[in-house]
Amino acid sequence: MVIFSEKCLEYIFPGHPESPDRVRVVYEYLAKKRYKFEEAKSCQKEDILLVHTSSHFERVKNNNFFDPDTPNLENIHIYAMLSAGGAIQAAKKALSGENSFSLLRPPGHHAGRNYLGGFCYFNNIAIATTWALGKVDKVAIVDFDGHHGNGTEDIFRGERRVLYFSLHQSPAYPGTGLKSKGNALNFPLSPGCEEPEFMRFFLEGIEKIREFSPSLIAISAGFDAHRSESLLSLNLETETYFKIGKGIATLNKPVFAILEGGYHEKMPFCVDNFLRGLGIR
């Protein structure tokens, strides 16, 4: 099941890599492949407040912020709440027995409790995970976006019910995730890293998740570690994403995934490979 709404394509900041086109082409490709879709529904303010401070919510809602990478657009909070709502929907689907993927924008893993950044306003994966922790005992978050999810790690630092696992390029934005600590399992990857090295670390992390034995797997699915990506210098192949999905599927746990980064022309094929590996249709 894919959660999607054409409403997420309405906003644009000219020249910005986080554009509607990157999601539109993925949606059109998955539609041709006959994936099953469900219309995304916005979350409520109280859902955002599961993770973020009320002052952060009000800053976004009232456009009272400045970040060089994260556009201050009219009504951006409406789109950010839709994206968070889709993440919660996907988590609900997973817990009811249907693994799901939320194909929405904006992304979220760089947003912390009281800050935004890196194209992210509200932390979708953290909101959905926190919602899920009201239903299950433990959640593991797999973040294979090529940038470290600093907001997600900050939000769940010290939370024993959550294991955060990230593979990301270093050095690169945001400059965090340099080592593992507590419940954060970080694998910083050197520029030029290719599939064999990536998969070696990935499978190591999967075994750590197996030991953690969560009730649910939440995935920050970024596709900017692909060799075609201009914002990073990792060299994953299109086929690598099938292997990533397949590796997560071996855990035999309910799974939901949400879109993070990925700004290149191979996006539709990478997403399709990942979903096929995971067993989502």
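So that you can scan it fast, the table gives a plain yes or no per residue for (1) free of Cβ contacts under 8 Å to residues at least 40 places away in the same chain; (2) over 11 Å from the mean Cα position of the chain (by Cα):
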site: 91; (1), (2): no, yes
site: 114; (1), (2): no, yes
site: 120; (1), (2): no, no
site: 126; (1), (2): no, no
site: 133; (1), (2): yes, yes
site: 139; (1), (2): no, yes
site: 150; (1), (2): no, yes
site: 154; (1), (2): no, yes
site: 157; (1), (2): yes, yes
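From the set of residues in region 75-127 that are of a type in the set (Lys, Arg) and part of a helix (DSSP H, G or I), which is surrounded by the fewest Cβ atoms within 10 Å (Cβ to Cβ)? Break it down into steps so the answer makes sense when it comes.
Going through region 75-127, the residues of a type in the set (Lys, Arg) turn out to be 92-93, 105, 113.
Now narrow it down to the ones that are part of a helix (DSSP H, G or I): 92-93.
Working: 92: 17, 93: 21.
Restricting to residues being of a type in the set (Lys, Arg) and part of a helix (DSSP H, G or I), the top hit is 92.
Specify which of the listed residues (185, 203) is on the phi < 0 side of the Ramachandran plot, surrounded by fewer than 17 Cβ atoms within 10 Å (Cβ to Cβ) and touching a Gly at 6+ places or on another chain (Cβ under 9 Å). Full working, then the answer.
On the way: 185 fails: surrounded by fewer than 17 Cβ atoms within 10 Å (Cβ to Cβ).
Only one candidate qualifies: 203.
Within region 133-177, being of a type in the set (Ser, Thr, Tyr), crowded, with 24+ Cβ neighbours inside 10 Å and farther than 13 Å from residue 212 by Cα holds for 152, 166.
Consider region 206-220 and keep the residues that are assigned to a helix (DSSP H, G or I) and not β-branched (Val, Ile, Thr). The one that is surrounded by the fewest Cβ atoms within 10 Å (Cβ to Cβ) is 211.
For residue 232, the test of being farther than 16 Å from residue 165 by Cα, buried (at least 22 other Cβ atoms within 10 Å of the Cβ) and in contact (Cβ under 8 Å) with a residue 60 or more places away in the chain is passed.
Region 1-74 holds helices (runs of 4 or more DSSP H) entirely within its bounds, and those carrying 3 or more residues that are at pLDDT 95 or above and of a type in the set (A, V, I, L, M, F, W, C) map to 20-32.
Restricting attention to region 173-229, report how many residues are among the polar types (S, T, N, Q) and in contact with a strand residue (DSSP E or B) (Cβ under 6 Å, 6 or more places away or on another chain).
Initially, region 173-229 is screened for residues among the polar types (S, T, N, Q), giving 176, 180, 183, 186, 190, 213, 215, 220, 228.
Checking the rest, the ones that are also in contact with a strand residue (DSSP E or B) (Cβ under 6 Å, 6 or more places away or on another chain) come to 180, 183, 186, 220.
Qualifying residue count for the region: 4.
The values are calculated or read from the model by the stated rules, or taken from the named source; none is laboratory data. For clarity, every value in this text was computed on a predicted model and none was experimentally measured. Methodologically, a virtual Cβ is constructed for each residue, glycine included, from the backbone with ideal geometry; neighbour enumeration extends over all protein chains shown.
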